[in-house]
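The structure under discussion appears below in the form of C-alpha cells.
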Amino acid sequence: MNYRTFEAINGLAGRVDGVDDPVEFVAVWLIFGVFAVAAGLCLHALLRRRFRPVAEVCAALALAFLVGLAVGGLGLEQRPFQAHPVHQLIAHAPGTSLPSDHATAAFAVALAVTVFLHRRWGLALLVAAVLIGLARIWVGVHYPADILASLVIAALAVGVVVLSRRLPAVAERH
C-alpha cells in the first residue's frame, strides 16, 4: 500500500517541467516560509509579553525533533530511490527515510502554532505542511508512511506539551 501510493504520486513527476518546478520549490524551500511565519508569530507574542505560548511552541518543536531523530536512528526504511526506480527530482543523500525531517518540522510548527499561538495562521501552516509532505513524495525522497509518521510524531509532541500544562494543576489538587 505504501509503495503503491508512492508510485501513484511519484509517477506524476518528471512529465511537465511547469508542474515539477513549483513542486521542487515546495519540497525544498517552503519549510523556510513555515519557520519564518512561525518566527513572526512568536515575535509578535513576545512583544505582547505572551511568553508561555512561545515556550510551548519551542518545546513541541524540540520534542518532535528529538523523537524524529530517535525514530530515524532505528533505520527502519531506506529512501525510495535506494530501493526502487523512481523519478527523483531533487538531489538527496541516501539514508533513512522514516520519518521525514521536513514534514516533521512543518507539522510540528503548524500544529504547535494552531494550539498555542494562532488558530488561523496555524491552519494555513498546516496546509503548507501537507503540501511539503506531498512534495517530498512527488520528488522521490519519501514514502507516504514517512509523511504520516511525521504527522503522528508532531501531534504526539504537541499533545505532550498540552498535557504538561495540566501537570501543575493536577499536582496542586493532591
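If Lys and Arg each add +1 and Asp and Glu each add -1, what is the summed charge of the other residues whose beta carbon sits under 15 Å from the beta carbon of Val57?
Details: positive: Arg48, Arg50, Arg52, Arg119, Arg165; negative: Glu56.
Around Val57, the charge tally is +4.
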Check your understanding: Amide H to amide H under 5 Å from His87: which residues, 5+ apart in sequence or cross-chain, H placed 1.01 Å off N in plane?
Key -> none
Check your understanding: Among (1) 64, 30, 29; (2) 58, 33, 24; (3) 68, 48, 42, which one is Cα extents along the principal axes in Å computed from these coordinates?
Key -> (2)
Revision key, fill the gap. At the level of C-alpha centres, the distance separating segment 39-55 and segment 125-142, in angstrom, is 27
**Study point:** Counted charge near Ala103, where neighbours are those whose Cβ lies closer than 11 Å (Asp, Glu -1; Lys, Arg +1)
**Key:** -1
Check your understanding: Among Leu69, Leu89, Leu46, whose Cα lies farthest out toward the positive end of the dipole of segment 40-153, if unit charges sit on the beta carbon of Lys, Arg (+1) and Asp, Glu (-1)?
Key -> Leu46
Practice item. List, in order, the whole-Hz ³J(HN,Hα) value for each residue of segment 10-27 obtained from phi through the Karplus relation with A = 6.51, B = -1.76, C = 1.60 and θ = phi - 60°; use x for Gly and Pro. Key: 5, x, 7, 6, x, 9, 10, 4, x, 9, 4, 4, x, 5, 4, 4, 4, 5
Practice item. Amide H neighbours of Gln78 under 5 Å, at least 5 residues apart or on other chains, H built in the peptide plane: list them. Key: Ser97
Revision key, fill the gap. Sequence order, segment 57-70: Karplus ³J(HN,Hα) from phi using 6.51 cos²θ - 1.76 cosθ + 1.60, θ = phi - 60°, Hz rounded, Gly and Pro as x, gives 4, 5, 5, 5, 5, 5, 5, 4, 4, 5, 5, x, 4, 5
Study note, to complete from the structure: The exposure ranking of His87, His44, fewest beta-carbon neighbours within 10 Å first, is His44, His87
Check your understanding: With axes computed from alpha carbons, what is the tilt in degrees of helix 101-112 against the longest principal axis of the chain, rounded to the nearest 10 within 0 to 90?
Key -> 30
**Study point:** DSSP loop trypsin sites (Lys or Arg not before Pro) with at most 12 other Cβ within 10 Å: longest gap in the chain
**Key:** 50-174
Practice item. Order by neighbour count: Thr5, Thr96, fewest other Cβ atoms within 10 Å first, most last. Key: Thr5, Thr96
Practice item. Before rounding to the nearest 500, sum -39500 (n - 2.57) across all DSSP H runs of length at least 4 in the chain and divide by the residue total; then give [θ] at 222 nm in deg cm²/dmol. Key: -25000 deg cm²/dmol
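Only the coordinates and a few stated rules stand behind these numbers; no lab work does. Values in this document were obtained by computation on a predicted structure and should not be read as measured data. Counting neighbours? That spans all protein chains shown, and the Cβs are built from the backbone with ideal geometry, glycine included.
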